[in-house]
Amino acid sequence: MSKKQFSGLSLFSKEQTGSMEFQISHLTNRVLKLTDHLKCHGKDYSSQRGLWKILGKRKRLLSYLSQTNLISYENLINKLNIRKLKIR
(Lines give C-alpha, C1' and ligand atoms only; values in the text may rest on other atoms or scores of the structure.)
Protein backbone atom coordinates (compact mmCIF):
# COMPACT_ATOMS: atom_id res chain seq x y z
CA MET A 1 0.00 0.00 0.00
CA SER A 2 1.26 3.43 -0.80
CA LYS A 3 1.06 6.44 1.49
CA LYS A 4 -1.63 8.01 -0.68
CA GLN A 5 -4.00 5.15 0.12
CA PHE A 6 -3.57 5.67 3.86
CA SER A 7 -4.20 9.40 3.77
CA GLY A 8 -7.76 8.93 2.51
CA LEU A 9 -8.66 6.48 5.29
CA SER A 10 -9.49 9.14 7.85
CA LEU A 11 -13.19 8.98 8.73
CA PHE A 12 -13.24 12.14 10.81
CA SER A 13 -12.49 15.80 10.27
CA LYS A 14 -9.38 17.52 11.59
CA GLU A 15 -11.39 19.33 14.30
CA GLN A 16 -12.18 16.07 16.08
CA THR A 17 -8.61 15.06 16.83
CA GLY A 18 -9.27 14.56 20.54
CA SER A 19 -12.32 12.36 20.17
CA MET A 20 -12.05 8.70 21.04
CA GLU A 21 -13.23 7.63 17.59
CA PHE A 22 -10.62 9.76 15.82
CA GLN A 23 -7.81 8.43 18.01
CA ILE A 24 -8.81 4.82 17.33
CA SER A 25 -9.11 5.54 13.61
CA HIS A 26 -5.67 7.18 13.58
CA LEU A 27 -4.12 4.25 15.44
CA THR A 28 -5.73 1.83 12.97
CA ASN A 29 -4.13 3.73 10.08
CA ARG A 30 -0.77 3.47 11.81
CA VAL A 31 -1.29 -0.28 12.33
CA LEU A 32 -2.01 -0.71 8.62
CA LYS A 33 1.15 1.19 7.69
CA LEU A 34 3.31 -0.82 10.06
CA THR A 35 1.90 -4.18 8.98
CA ASP A 36 2.59 -3.25 5.37
CA HIS A 37 6.14 -2.26 6.33
CA LEU A 38 6.69 -5.51 8.23
CA LYS A 39 5.65 -7.58 5.23
CA CYS A 40 8.78 -6.33 3.47
CA HIS A 41 11.03 -6.08 6.53
CA GLY A 42 10.20 -9.12 8.64
CA LYS A 43 13.19 -8.80 10.97
CA ASP A 44 12.62 -5.17 11.91
CA TYR A 45 12.07 -5.87 15.59
CA SER A 46 11.88 -2.25 16.68
CA SER A 47 8.96 -1.70 14.34
CA GLN A 48 7.34 -4.88 15.70
CA ARG A 49 7.64 -3.49 19.21
CA GLY A 50 6.09 -0.21 18.07
CA LEU A 51 3.25 -2.12 16.45
CA TRP A 52 2.58 -4.03 19.67
CA LYS A 53 2.49 -0.79 21.63
CA ILE A 54 0.05 0.78 19.17
CA LEU A 55 -2.16 -2.31 19.25
CA GLY A 56 -2.19 -2.23 23.06
CA LYS A 57 -3.15 1.42 23.13
CA ARG A 58 -5.90 0.86 20.56
CA LYS A 59 -7.18 -2.10 22.57
CA ARG A 60 -7.37 0.00 25.75
CA LEU A 61 -9.19 2.82 23.93
CA LEU A 62 -11.63 0.34 22.36
CA SER A 63 -12.27 -1.23 25.75
CA TYR A 64 -13.03 2.15 27.29
CA LEU A 65 -15.29 3.12 24.38
CA SER A 66 -17.20 -0.15 24.63
CA GLN A 67 -17.83 0.44 28.34
CA THR A 68 -18.92 4.06 27.95
CA ASN A 69 -20.71 4.18 24.57
CA LEU A 70 -21.61 0.79 23.10
CA ILE A 71 -23.43 2.16 20.04
CA SER A 72 -20.50 4.32 19.01
CA TYR A 73 -18.15 1.38 19.62
CA GLU A 74 -20.13 -0.93 17.33
CA ASN A 75 -20.39 1.74 14.60
CA LEU A 76 -16.64 2.33 14.73
CA ILE A 77 -15.84 -1.39 14.61
CA ASN A 78 -18.00 -1.75 11.50
CA LYS A 79 -16.49 1.32 9.78
CA LEU A 80 -12.90 0.28 10.42
CA ASN A 81 -13.44 -3.44 9.72
CA ILE A 82 -11.69 -4.58 12.89
CA ARG A 83 -12.63 -7.42 15.20
CA LYS A 84 -14.56 -6.95 18.40
CA LEU A 85 -12.77 -7.22 21.71
CA LYS A 86 -12.71 -10.52 23.51
CA ILE A 87 -14.59 -10.26 26.78
CA ARG A 88 -12.98 -11.99 29.73
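The values are calculated or read from the model by the stated rules, or taken from the named source; none is laboratory data. Predicted model only: the values in this text are computed from it and were never measured. Glycine also receives a Cβ, built like all others from the backbone with ideal geometry; neighbour counts cover every protein chain displayed. All accessible areas refer to the heavy atoms of the entire protein, side chains included, with ligands and DNA or RNA removed. Shrake-Rupley method; radii C 1.70, N 1.55, O 1.52, S 1.80 Å.
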- How long is the gain from LEU32 to LYS86 if the chain were fully straight, where each residue apart is worth 0.36 nm and the alpha carbon distance is subtracted? 17.4 nm
- Query: Got a sec? Which residues in the stretch 42-59 would a label at LYS79 touch, if it sits 7 Å along Cα→Cβ and we count backbone N under 18 Å?
  - Reply: 58-59
- Between THR17 and GLN48, the FRET efficiency computed from the C-beta separation at R0 = 41 Å comes out, to the nearest 0.05, as 0.90
- Item | Exposure of LYS57 as accessible area (Å², to 10), given a probe of 1.4 Å and all protein chains | 100
